[in-house]
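Take a look at the structure set out below.
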Amino acid sequence: IKPKVKILVVDDDPFNIWAMQALFKNMEVEIDSAYNGQEAIDKLLEQQGSGRKRKYNLIFMDCQMPIMDGCTATKLICDMIKENKIEEVPIIGCTAFSDTANLEACEISGMKEVVTKPLSSVKILEIWKTYVSPNSIQLLN
């Protein structure tokens, strides 16, 4: 049985990707990963070009990464959505920094929400219900 939901986790720290996989382990979710914003954009363009691949339902984007940070990647992704180059997908920012300037930069870039690390299963479930499955009552372990 193929998972019903596909999520892209973009983070330069493999532990954070593993932690996200662990949060969704008991749900019908396929987790794909990228280690910087450029890789995320490449994956989005690749899946858009292939009619067979299932599209991402949600992206969790780390804000501070090498090569291309999350805010830059999000702005470029939002531009590609506006230009109809890729399908719309909600982007949730993830950051260890909760200062006003950082949160505003994430919001301005086009992120739907910003959550601070470490991510809690309660917050992830809220995001899940908001952006993926409003009727879901399945709890995360």
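The values are calculated or read from the model by the stated rules, or taken from the named source; none is laboratory data. Keep in mind that what you see is a predicted model, and the values were worked out from it rather than measured. Note that each Cβ is placed from the backbone with ideal geometry, even for glycine, and that neighbours are counted across all protein chains shown. All accessible areas refer to the heavy atoms of the entire protein, side chains included, with ligands and DNA or RNA removed. Shrake-Rupley method; radii C 1.70, N 1.55, O 1.52, S 1.80 Å.
For C94, the residues whose amide H sits under 5 Å from its own are M61, D62, C63, V115, ignoring neighbours fewer than 5 places away on the same chain, with H placed 1.01 Å from N. Among the listed pairs K25/K85; K85/K123; K25/K75; K25/K117, a Cα-Cα separation exceeding 27 Å is found for K25/K85; K85/K123; K25/K75. Expressed as a fraction of 2.2 N^0.38 Å, the C-alpha radius of gyration for region 1-127 is 0.99. Less than 5 angstrom separates the built amide H of A34 from those of V9, V10, D11, all sequence-distant by 5 or more or on a different chain. Summing charges over all other residues whose Cβ lies under 12 Å from the Cβ of C71, with Lys and Arg as +1 and Asp and Glu as -1, gives -3.
Pairs of Cα atoms in region 47-112 fall into 10 Å distance bins, from 0 up to the last occupied one, in shares of 22, 49, 24, 5, 0 percent. For the chain, the fraction of 1.4 Å probe accessible surface lying on carbon and sulfur atoms is 53 percent.
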